[in-house]
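For reference, the structure is listed below as C-alpha coordinates.
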Amino acid sequence: MFTPDIKSLLEGVPSPAMVLDDMLRIVDMNRLMEAMSGHVIDEVRGIHGELVLRSNVGNNRDRLFKAVLETGEPVASEGDILNCYRRKIPVHCYISPLANRKNNRRGLFVVTELVQLDEVKKDPTNKIFSLNEIIGYSPKMQQVFDKIPLISQTDASALITGETGTGKDKIAEIIHNHSPRSRFPFIKINCGALPLGLLESELFGHTKGAFTGATRNKAGMFKLADRGTLFLTEIGDMPLPLQVKLLSVLDDRQFFPIGGEQSISVDVRIIAATHRSLQEQVKKKKFREDLFYRLNVLYVHLPPLREREVDIRYLADHFLEKFTAALRSNIVGFTSEAMDSLLSYSYPGNVREMSNIVEYAVNMCKEKKVGLEHLPGYIFEPIPEAPAESHISDDENFYEQPQQDTTAQPSPSMVLSEQKQESWNDIERQMIIDTLKEHGGSRKKVASHLRWTRMKLWRKMKKYGLLA
(Lines give C-alpha, C1' and ligand atoms only; values in the text may rest on other atoms or scores of the structure.)
Protein backbone atom coordinates (compact mmCIF):
# COMPACT_ATOMS: atom_id res chain seq x y z
CA MET A 1 0.00 0.00 0.00
CA PHE A 2 1.10 3.52 -0.72
CA THR A 3 1.66 5.91 2.15
CA PRO A 4 -1.61 7.26 3.62
CA ASP A 5 -0.33 10.83 3.28
CA ILE A 6 -0.59 10.78 -0.52
CA LYS A 7 -3.94 12.63 -0.55
CA SER A 8 -2.61 15.38 1.71
CA LEU A 9 0.49 15.63 -0.46
CA LEU A 10 -1.52 16.08 -3.63
CA GLU A 11 -4.01 18.56 -2.15
CA GLY A 12 -1.05 20.66 -1.00
CA VAL A 13 0.16 21.03 -4.60
CA PRO A 14 -1.18 24.35 -6.00
CA SER A 15 -1.51 22.92 -9.55
CA PRO A 16 -3.28 19.93 -11.16
CA ALA A 17 -1.35 16.83 -10.06
CA MET A 18 -1.64 13.06 -10.02
CA VAL A 19 0.44 10.05 -8.98
CA LEU A 20 1.06 7.08 -11.31
CA ASP A 21 2.55 3.71 -10.41
CA ASP A 22 5.35 1.92 -12.28
CA MET A 23 2.76 0.56 -14.77
CA LEU A 24 1.60 4.16 -15.38
CA ARG A 25 -1.75 3.46 -13.74
CA ILE A 26 -3.43 6.26 -11.77
CA VAL A 27 -2.97 5.97 -8.01
CA ASP A 28 -4.52 9.28 -6.97
CA MET A 29 -5.12 12.87 -8.16
CA ASN A 30 -5.98 16.16 -6.51
CA ARG A 31 -9.12 18.24 -7.01
CA LEU A 32 -7.43 20.55 -9.50
CA MET A 33 -6.53 17.61 -11.72
CA GLU A 34 -10.10 16.29 -11.40
CA ALA A 35 -11.37 19.66 -12.62
CA MET A 36 -8.89 19.88 -15.50
CA SER A 37 -9.35 16.28 -16.67
CA GLY A 38 -13.10 16.11 -16.09
CA HIS A 39 -12.75 12.80 -14.18
CA VAL A 40 -13.13 12.04 -10.47
CA ILE A 41 -10.53 9.80 -8.89
CA ASP A 42 -13.04 7.12 -7.82
CA GLU A 43 -13.86 6.50 -11.50
CA VAL A 44 -10.31 6.36 -12.91
CA ARG A 45 -8.14 4.88 -10.14
CA GLY A 46 -6.15 1.97 -11.56
CA ILE A 47 -6.64 3.03 -15.18
CA HIS A 48 -3.64 3.78 -17.42
CA GLY A 49 -2.98 7.52 -17.27
CA GLU A 50 -2.82 7.93 -21.05
CA LEU A 51 -6.41 6.65 -21.36
CA VAL A 52 -7.62 9.35 -18.99
CA LEU A 53 -5.43 12.32 -19.94
CA ARG A 54 -4.04 11.99 -23.44
CA SER A 55 -0.85 13.94 -23.91
CA ASN A 56 2.01 14.64 -26.32
CA VAL A 57 4.26 15.91 -23.51
CA GLY A 58 7.82 15.28 -24.58
CA ASN A 59 6.39 13.43 -27.62
CA ASN A 60 6.24 10.32 -25.39
CA ARG A 61 5.06 10.71 -21.82
CA ASP A 62 5.42 6.99 -21.13
CA ARG A 63 9.10 7.14 -22.08
CA LEU A 64 9.63 10.18 -19.84
CA PHE A 65 7.91 8.53 -16.90
CA LYS A 66 9.91 5.34 -17.20
CA ALA A 67 13.13 7.34 -17.45
CA VAL A 68 12.26 9.22 -14.25
CA LEU A 69 11.45 5.99 -12.40
CA GLU A 70 14.67 4.34 -13.56
CA THR A 71 17.08 7.21 -12.97
CA GLY A 72 15.33 8.92 -10.05
CA GLU A 73 15.93 12.31 -11.74
CA PRO A 74 12.96 14.68 -12.23
CA VAL A 75 12.25 16.12 -15.68
CA ALA A 76 10.24 19.03 -17.08
CA SER A 77 8.68 19.38 -20.50
CA GLU A 78 6.04 21.28 -22.49
CA GLY A 79 3.23 19.94 -24.62
CA ASP A 80 -0.53 19.52 -24.84
CA ILE A 81 -3.06 17.41 -22.97
CA LEU A 82 -6.58 16.50 -24.08
CA ASN A 83 -9.24 16.26 -21.36
CA CYS A 84 -12.56 14.39 -21.45
CA TYR A 85 -14.29 17.40 -23.03
CA ARG A 86 -11.82 17.17 -25.93
CA ARG A 87 -10.31 20.50 -24.94
CA LYS A 88 -6.68 20.79 -25.98
CA ILE A 89 -4.75 22.43 -23.14
CA PRO A 90 -1.15 23.68 -23.55
CA VAL A 91 0.80 22.82 -20.40
CA HIS A 92 4.21 22.78 -18.78
CA CYS A 93 4.61 19.51 -16.89
CA TYR A 94 6.91 18.28 -14.13
CA ILE A 95 7.55 14.58 -13.46
CA SER A 96 9.23 13.60 -10.19
CA PRO A 97 9.94 10.20 -8.60
CA LEU A 98 8.21 9.08 -5.40
CA ALA A 99 8.67 5.99 -3.23
CA ASN A 100 6.73 4.55 -0.33
CA ARG A 101 7.94 2.57 2.69
CA LYS A 102 8.11 -0.62 0.64
CA ASN A 103 10.20 1.21 -1.98
CA ASN A 104 7.49 0.80 -4.62
CA ARG A 105 8.21 3.20 -7.43
CA ARG A 106 5.72 5.96 -8.20
CA GLY A 107 5.78 9.10 -10.31
CA LEU A 108 4.30 12.53 -9.49
CA PHE A 109 2.87 14.29 -12.55
CA VAL A 110 2.21 18.06 -12.09
CA VAL A 111 1.02 20.42 -14.84
CA THR A 112 0.62 24.18 -15.15
CA GLU A 113 -1.49 25.63 -17.93
CA LEU A 114 0.19 27.91 -20.46
CA VAL A 115 -1.38 31.05 -21.88
CA GLN A 116 -0.99 31.33 -25.64
CA LEU A 117 -2.64 34.64 -26.44
CA ASP A 118 -0.04 35.51 -29.07
CA GLU A 119 -1.08 32.49 -31.12
CA VAL A 120 -4.73 33.51 -30.81
CA LYS A 121 -4.02 36.99 -32.14
CA LYS A 122 -2.11 35.54 -35.10
CA ASP A 123 -4.89 33.06 -35.85
CA PRO A 124 -8.35 34.11 -34.54
CA THR A 125 -9.77 30.67 -35.38
CA ASN A 126 -7.26 28.95 -33.09
CA LYS A 127 -9.17 26.85 -30.56
CA ILE A 128 -6.34 27.00 -28.00
CA PHE A 129 -7.44 29.93 -25.86
CA SER A 130 -6.51 29.85 -22.21
CA LEU A 131 -7.15 32.75 -19.87
CA ASN A 132 -5.90 33.22 -16.35
CA GLU A 133 -8.49 35.96 -15.79
CA ILE A 134 -11.40 33.51 -15.67
CA ILE A 135 -11.64 29.89 -14.59
CA GLY A 136 -13.68 27.15 -16.21
CA TYR A 137 -13.17 23.58 -17.37
CA SER A 138 -16.83 22.62 -17.79
CA PRO A 139 -18.11 22.03 -21.35
CA LYS A 140 -20.37 25.09 -21.22
CA MET A 141 -17.48 27.36 -20.25
CA GLN A 142 -15.34 25.83 -22.99
CA GLN A 143 -18.00 26.96 -25.46
CA VAL A 144 -17.63 30.48 -24.09
CA PHE A 145 -13.83 30.32 -24.38
CA ASP A 146 -14.13 29.10 -27.97
CA LYS A 147 -16.13 32.22 -28.89
CA ILE A 148 -13.89 34.81 -27.23
CA PRO A 149 -11.06 34.79 -29.82
CA LEU A 150 -13.55 35.22 -32.67
CA ILE A 151 -15.52 37.99 -30.95
CA SER A 152 -12.31 39.80 -29.97
CA GLN A 153 -11.11 40.15 -33.55
CA THR A 154 -14.20 41.89 -34.92
CA ASP A 155 -15.91 45.24 -34.40
CA ALA A 156 -19.46 43.89 -34.51
CA SER A 157 -21.75 44.57 -31.54
CA ALA A 158 -21.86 41.81 -28.94
CA LEU A 159 -24.47 40.80 -26.38
CA ILE A 160 -23.52 38.94 -23.18
CA THR A 161 -26.28 37.34 -21.12
CA GLY A 162 -26.26 35.49 -17.83
CA GLU A 163 -27.48 35.63 -14.25
CA THR A 164 -26.05 38.11 -11.82
CA GLY A 165 -22.59 37.17 -10.61
CA THR A 166 -21.65 34.97 -13.57
CA GLY A 167 -18.87 37.29 -14.77
CA LYS A 168 -20.38 39.26 -17.65
CA ASP A 169 -18.23 42.30 -16.84
CA LYS A 170 -15.07 40.19 -16.81
CA ILE A 171 -15.86 38.60 -20.19
CA ALA A 172 -16.51 42.03 -21.74
CA GLU A 173 -13.18 43.30 -20.42
CA ILE A 174 -11.35 40.23 -21.71
CA ILE A 175 -12.86 40.69 -25.17
CA HIS A 176 -11.69 44.30 -25.21
CA ASN A 177 -8.21 43.54 -23.87
CA HIS A 178 -7.57 40.96 -26.59
CA SER A 179 -8.99 43.06 -29.42
CA PRO A 180 -7.27 45.58 -31.74
CA ARG A 181 -8.99 48.29 -29.66
CA SER A 182 -7.13 47.31 -26.48
CA ARG A 183 -4.85 50.39 -26.72
CA PHE A 184 -7.90 52.64 -26.38
CA PRO A 185 -10.40 53.15 -23.52
CA PHE A 186 -12.77 50.54 -22.13
CA ILE A 187 -15.68 52.52 -20.68
CA LYS A 188 -18.42 50.88 -18.60
CA ILE A 189 -21.80 52.31 -17.63
CA ASN A 190 -24.73 50.68 -15.84
CA CYS A 191 -27.92 51.48 -17.74
CA GLY A 192 -30.14 50.56 -14.79
CA ALA A 193 -28.41 52.64 -12.13
CA LEU A 194 -29.29 56.15 -13.35
CA PRO A 195 -32.56 57.99 -14.14
CA LEU A 196 -33.37 58.88 -17.76
CA GLY A 197 -32.03 62.46 -17.80
CA LEU A 198 -28.79 61.69 -15.99
CA LEU A 199 -28.16 58.53 -18.04
CA GLU A 200 -28.59 60.48 -21.29
CA SER A 201 -26.14 63.10 -20.10
CA GLU A 202 -23.63 60.42 -19.05
CA LEU A 203 -23.85 58.66 -22.42
CA PHE A 204 -23.94 61.58 -24.82
CA GLY A 205 -22.66 64.55 -22.82
CA HIS A 206 -24.10 68.05 -22.71
CA THR A 207 -23.23 71.62 -23.53
CA LYS A 208 -22.95 74.52 -21.11
CA GLY A 209 -26.39 75.87 -20.19
CA ALA A 210 -28.27 72.87 -21.63
CA PHE A 211 -30.12 72.51 -18.30
CA THR A 212 -29.98 73.85 -14.77
CA GLY A 213 -26.61 72.97 -13.29
CA ALA A 214 -24.85 72.50 -16.64
CA THR A 215 -22.09 75.00 -15.93
CA ARG A 216 -19.64 73.60 -18.50
CA ASN A 217 -19.43 71.42 -21.56
CA LYS A 218 -19.19 67.74 -20.65
CA ALA A 219 -18.05 64.89 -22.89
CA GLY A 220 -20.22 61.78 -22.63
CA MET A 221 -19.17 58.16 -22.43
CA PHE A 222 -19.48 57.73 -26.20
CA LYS A 223 -16.94 60.48 -26.76
CA LEU A 224 -14.60 59.17 -24.05
CA ALA A 225 -14.71 55.67 -25.56
CA ASP A 226 -13.83 56.86 -29.06
CA ARG A 227 -11.76 54.18 -30.89
CA GLY A 228 -12.29 51.91 -27.88
CA THR A 229 -15.15 49.90 -26.39
CA LEU A 230 -18.30 51.06 -24.59
CA PHE A 231 -19.72 48.41 -22.28
CA LEU A 232 -23.42 48.89 -21.54
CA THR A 233 -24.25 46.64 -18.62
CA GLU A 234 -27.89 45.92 -17.70
CA ILE A 235 -28.99 47.11 -21.14
CA GLY A 236 -32.41 45.56 -20.48
CA ASP A 237 -33.12 48.34 -17.96
CA MET A 238 -32.41 51.19 -20.40
CA PRO A 239 -35.44 53.54 -20.77
CA LEU A 240 -37.23 53.34 -24.13
CA PRO A 241 -36.51 56.99 -25.16
CA LEU A 242 -32.77 56.36 -24.83
CA GLN A 243 -33.05 53.11 -26.78
CA VAL A 244 -34.12 55.15 -29.82
CA LYS A 245 -31.09 57.44 -29.55
CA LEU A 246 -28.74 54.49 -28.99
CA LEU A 247 -30.06 52.79 -32.12
CA SER A 248 -29.42 55.99 -34.09
CA VAL A 249 -25.81 56.13 -32.86
CA LEU A 250 -25.23 52.49 -33.80
CA ASP A 251 -26.54 53.14 -37.30
CA ASP A 252 -25.03 56.56 -38.03
CA ARG A 253 -21.91 56.57 -35.79
CA GLN A 254 -22.73 60.12 -34.70
CA PHE A 255 -24.93 61.91 -32.15
CA PHE A 256 -25.87 65.29 -30.72
CA PRO A 257 -24.98 66.06 -27.09
CA ILE A 258 -27.79 67.46 -24.96
CA GLY A 259 -28.27 71.09 -25.94
CA GLY A 260 -25.75 70.81 -28.78
CA GLU A 261 -26.28 71.86 -32.38
CA GLN A 262 -23.28 70.13 -33.89
CA SER A 263 -23.08 66.36 -34.31
CA ILE A 264 -20.13 64.41 -32.96
CA SER A 265 -18.75 61.46 -34.90
CA VAL A 266 -17.36 58.50 -32.97
CA ASP A 267 -15.81 55.12 -33.68
CA VAL A 268 -16.97 52.96 -30.77
CA ARG A 269 -17.58 49.26 -30.40
CA ILE A 270 -20.63 48.36 -28.30
CA ILE A 271 -20.71 45.38 -25.93
CA ALA A 272 -23.97 45.04 -24.01
CA ALA A 273 -24.88 42.76 -21.12
CA THR A 274 -28.05 41.86 -19.25
CA HIS A 275 -29.42 39.34 -16.77
CA ARG A 276 -32.88 39.69 -18.33
CA SER A 277 -34.30 37.92 -21.37
CA LEU A 278 -34.38 40.68 -23.99
CA GLN A 279 -36.73 38.59 -26.11
CA GLU A 280 -39.22 38.59 -23.24
CA GLN A 281 -38.66 42.34 -22.83
CA VAL A 282 -39.44 42.80 -26.53
CA LYS A 283 -42.70 40.87 -26.16
CA LYS A 284 -43.66 43.11 -23.22
CA LYS A 285 -42.89 46.22 -25.32
CA LYS A 286 -40.18 47.22 -22.85
CA PHE A 287 -37.32 46.82 -25.30
CA ARG A 288 -37.15 47.79 -28.95
CA GLU A 289 -37.01 44.83 -31.30
CA ASP A 290 -34.83 46.66 -33.84
CA LEU A 291 -32.29 47.54 -31.11
CA PHE A 292 -32.27 43.94 -29.90
CA TYR A 293 -31.29 42.66 -33.34
CA ARG A 294 -28.75 45.45 -33.71
CA LEU A 295 -27.03 44.46 -30.46
CA ASN A 296 -27.41 40.71 -30.85
CA VAL A 297 -24.96 40.35 -33.75
CA LEU A 298 -22.53 38.26 -31.66
CA TYR A 299 -23.90 36.43 -28.65
CA VAL A 300 -22.37 34.86 -25.53
CA HIS A 301 -24.32 33.26 -22.70
CA LEU A 302 -22.60 32.63 -19.37
CA PRO A 303 -24.01 29.56 -17.60
CA PRO A 304 -24.90 29.77 -13.90
CA LEU A 305 -22.53 28.10 -11.48
CA ARG A 306 -25.08 25.39 -10.64
CA GLU A 307 -24.65 24.13 -14.22
CA ARG A 308 -20.84 24.11 -13.89
CA GLU A 309 -20.40 21.53 -11.12
CA VAL A 310 -16.99 20.51 -12.45
CA ASP A 311 -15.75 24.08 -11.92
CA ILE A 312 -16.87 24.45 -8.30
CA ARG A 313 -13.85 22.61 -6.86
CA TYR A 314 -11.43 24.60 -8.98
CA LEU A 315 -13.06 27.93 -8.10
CA ALA A 316 -13.13 27.06 -4.39
CA ASP A 317 -9.39 26.34 -4.40
CA HIS A 318 -8.72 29.47 -6.47
CA PHE A 319 -10.54 31.76 -4.04
CA LEU A 320 -9.02 29.97 -1.05
CA GLU A 321 -5.53 30.63 -2.40
CA LYS A 322 -6.42 34.24 -3.17
CA PHE A 323 -7.83 35.09 0.27
CA THR A 324 -5.29 33.11 2.31
CA ALA A 325 -2.54 35.02 0.52
CA ALA A 326 -4.26 38.35 1.21
CA LEU A 327 -4.76 37.53 4.90
CA ARG A 328 -1.43 35.70 5.24
CA SER A 329 -3.30 32.68 6.55
CA ASN A 330 -1.87 29.15 6.73
CA ILE A 331 -5.07 27.38 5.63
CA VAL A 332 -4.25 24.57 3.20
CA GLY A 333 -7.67 23.36 2.02
CA PHE A 334 -11.21 22.22 2.84
CA THR A 335 -12.35 19.21 4.81
CA SER A 336 -14.25 16.62 2.77
CA GLU A 337 -17.50 17.57 4.55
CA ALA A 338 -17.02 21.27 3.78
CA MET A 339 -16.26 20.52 0.12
CA ASP A 340 -19.38 18.31 -0.14
CA SER A 341 -21.45 21.20 1.20
CA LEU A 342 -19.91 23.60 -1.32
CA LEU A 343 -20.65 21.13 -4.12
CA SER A 344 -24.26 20.74 -2.98
CA TYR A 345 -25.12 24.44 -2.69
CA SER A 346 -27.03 26.04 -5.57
CA TYR A 347 -25.22 29.46 -5.63
CA PRO A 348 -28.02 31.86 -6.63
CA GLY A 349 -25.36 34.60 -6.65
CA ASN A 350 -23.06 32.45 -8.79
CA VAL A 351 -19.27 33.03 -8.84
CA ARG A 352 -19.54 36.30 -6.94
CA GLU A 353 -21.39 34.53 -4.12
CA MET A 354 -18.85 31.70 -4.05
CA SER A 355 -16.08 34.28 -3.66
CA ASN A 356 -17.92 35.81 -0.70
CA ILE A 357 -18.49 32.38 0.90
CA VAL A 358 -14.82 31.44 0.70
CA GLU A 359 -13.71 34.87 1.94
CA TYR A 360 -16.02 34.51 4.93
CA ALA A 361 -14.67 31.01 5.63
CA VAL A 362 -11.03 32.16 5.47
CA ASN A 363 -11.77 34.95 7.95
CA MET A 364 -13.58 32.57 10.32
CA CYS A 365 -11.16 29.64 10.13
CA LYS A 366 -8.23 29.45 12.57
CA GLU A 367 -7.31 25.87 11.71
CA LYS A 368 -5.41 24.17 8.88
CA LYS A 369 -8.55 23.31 6.89
CA VAL A 370 -11.90 25.00 6.40
CA GLY A 371 -14.64 22.91 8.05
CA LEU A 372 -18.43 23.01 8.12
CA GLU A 373 -18.38 25.31 11.14
CA HIS A 374 -16.48 27.96 9.17
CA LEU A 375 -18.99 28.20 6.29
CA PRO A 376 -21.87 30.74 6.44
CA GLY A 377 -24.98 29.18 7.99
CA TYR A 378 -27.38 30.12 5.19
CA ILE A 379 -25.89 27.59 2.76
CA PHE A 380 -27.24 24.78 4.97
CA GLU A 381 -30.81 26.07 4.98
CA PRO A 382 -33.41 24.06 3.00
CA ILE A 383 -33.75 25.15 -0.60
CA PRO A 384 -37.36 26.20 -1.29
CA GLU A 385 -39.07 24.43 -4.16
CA ALA A 386 -39.25 26.74 -7.17
CA PRO A 387 -42.81 27.55 -8.33
CA ALA A 388 -43.89 26.39 -11.75
CA GLU A 389 -43.89 29.99 -13.02
CA SER A 390 -40.37 30.73 -11.71
CA HIS A 391 -39.14 31.51 -15.23
CA ILE A 392 -41.51 34.48 -15.43
CA SER A 393 -40.09 37.73 -14.11
CA ASP A 394 -41.66 39.51 -11.16
CA ASP A 395 -42.77 42.46 -13.26
CA GLU A 396 -44.89 40.25 -15.55
CA ASN A 397 -48.51 41.48 -15.77
CA PHE A 398 -51.02 38.79 -14.83
CA TYR A 399 -54.74 38.71 -15.33
CA GLU A 400 -56.48 38.60 -12.01
CA GLN A 401 -57.82 35.14 -11.29
CA PRO A 402 -61.22 34.83 -9.59
CA GLN A 403 -60.91 33.90 -5.93
CA GLN A 404 -61.81 30.31 -5.24
CA ASP A 405 -64.22 29.27 -2.51
CA THR A 406 -61.96 27.71 0.11
CA THR A 407 -64.96 26.04 1.75
CA ALA A 408 -65.91 24.14 -1.38
CA GLN A 409 -65.11 20.45 -1.58
CA PRO A 410 -62.22 19.56 -3.93
CA SER A 411 -63.22 18.00 -7.21
CA PRO A 412 -62.46 14.31 -7.88
CA SER A 413 -59.86 15.33 -10.45
CA MET A 414 -58.05 17.50 -7.87
CA VAL A 415 -58.03 14.66 -5.35
CA LEU A 416 -56.68 12.27 -7.97
CA SER A 417 -53.96 14.76 -8.92
CA GLU A 418 -52.88 15.12 -5.27
CA GLN A 419 -52.83 11.35 -4.86
CA LYS A 420 -50.64 10.99 -7.94
CA GLN A 421 -48.25 13.67 -6.66
CA GLU A 422 -48.02 12.01 -3.25
CA SER A 423 -47.54 8.63 -4.88
CA TRP A 424 -44.72 9.87 -7.10
CA ASN A 425 -42.93 11.49 -4.16
CA ASP A 426 -43.05 8.17 -2.30
CA ILE A 427 -41.75 6.32 -5.35
CA GLU A 428 -38.90 8.80 -5.90
CA ARG A 429 -37.92 8.73 -2.23
CA GLN A 430 -37.82 4.95 -2.21
CA MET A 431 -35.85 4.93 -5.47
CA ILE A 432 -33.15 7.11 -3.87
CA ILE A 433 -33.03 4.91 -0.75
CA ASP A 434 -32.70 1.73 -2.83
CA THR A 435 -29.95 3.22 -4.98
CA LEU A 436 -28.04 4.42 -1.91
CA LYS A 437 -28.17 0.91 -0.49
CA GLU A 438 -27.04 -0.55 -3.81
CA HIS A 439 -23.99 1.72 -3.98
CA GLY A 440 -23.03 1.61 -0.32
CA GLY A 441 -24.15 5.17 0.40
CA SER A 442 -21.86 6.79 -2.22
CA ARG A 443 -23.64 9.92 -3.44
CA LYS A 444 -21.32 10.19 -6.43
CA LYS A 445 -22.31 6.73 -7.65
CA VAL A 446 -26.00 7.31 -6.90
CA ALA A 447 -26.03 10.58 -8.85
CA SER A 448 -24.26 8.88 -11.76
CA HIS A 449 -26.68 5.91 -11.67
CA LEU A 450 -29.74 8.19 -11.65
CA ARG A 451 -28.14 10.50 -14.24
CA TRP A 452 -28.50 13.47 -11.90
CA THR A 453 -25.94 16.03 -10.83
CA ARG A 454 -24.74 15.70 -7.24
CA MET A 455 -26.42 19.02 -6.54
CA LYS A 456 -29.81 17.71 -7.74
CA LEU A 457 -29.38 14.55 -5.66
CA TRP A 458 -28.63 16.64 -2.56
CA ARG A 459 -31.78 18.71 -3.13
CA LYS A 460 -33.93 15.59 -3.51
CA MET A 461 -32.43 14.04 -0.37
CA LYS A 462 -33.05 17.30 1.50
CA LYS A 463 -36.65 17.35 0.27
CA TYR A 464 -37.34 13.80 1.42
CA GLY A 465 -35.50 14.10 4.74
CA LEU A 466 -32.72 11.68 3.81
CA LEU A 467 -29.82 13.85 5.00
CA ALA A 468 -28.31 13.15 8.37
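The values are calculated or read from the model by the stated rules, or taken from the named source; none is laboratory data. Predicted model only: the values in this text are computed from it and were never measured. As a convention, Cβ positions derive from the backbone with ideal geometry for all residues, glycine included, and neighbour counts pool all protein chains shown. What goes into the accessible areas is simple: the full protein's heavy atoms, side chains included, and nothing from ligands, DNA or RNA. Shrake-Rupley method; radii C 1.70, N 1.55, O 1.52, S 1.80 Å.
Quick one: how many Å² of residue 378 are accessible to a 1.4 Å probe, rounded to 10?
100
Could you tell me what percent of the accessible area of the range 147-288 is made up of carbon and sulfur, with a 1.4 Å probe and every protein chain present? Don't jump to the answer; show the numbers that get you there.
Values: 3210 of 6380 Å².
Carbon and sulfur: 50 percent of the exposed surface of the range 147-288.
How would 311, 317, 146 rank on accessible area, largest to smallest, probe 1.4 Å? Numbers along the way, then the final one.
Working: 311 0, 317 25, 146 60 Å².
Putting 311, 317, 146 in descending order of accessible area: 146, 317, 311.
Can you give the accessible area of residue 202, probe radius 1.4 Å, in Å² rounded to 10?
40
Express in Å², to the nearest 10, the accessible area of residue 275 obtained by rolling a 1.4 Å probe over the protein heavy atoms while all chains stay in place.
Result for residue 275: roughly 90 Å² accessible.
Provide the per residue accessible area, probe 1.4 Å, for the range 211-283, rounded to a whole number of square angstrom. Mind dumping the intermediate values first?
Numbers: 3490 Å² over 73 residues.
On a per-residue basis, 48 Å².
Estimate the FRET efficiency between residue 82 and residue 193 by the formula 1/(1 + (r/R0)^6), using the beta-carbon distance for r and 51 Å for R0, to the nearest 0.05. Walk me through the intermediate numbers first.
On the way: r = 44 Å, r/R0 = 0.86.
Calculated value: 0.70.
In the range 129-238, what is the volume of the convex hull around the alpha carbon atoms, normalised per residue and reported in Å³? Before the final figure, lay out the partial values.
Values: hull volume 12.7 nm³, N = 110.
So the per-residue hull volume is 116 Å³.
For the full complex of protein chains and a 1.4 angstrom probe, list 36, 364 by accessible area with the highest value first. Working shown, then result.
Values: 36 0, 364 95 Å².
The ordering from most to least exposed comes out as 364, 36.
In terms of solvent-accessible area of protein heavy atoms at a 1.4 angstrom probe, what is the ranking of 34, 359, highest value first? Spell out each step's value before the answer.
Numbers: 34 15, 359 75 Å².
Ranking 34, 359 by accessible area, largest first, yields 359, 34.
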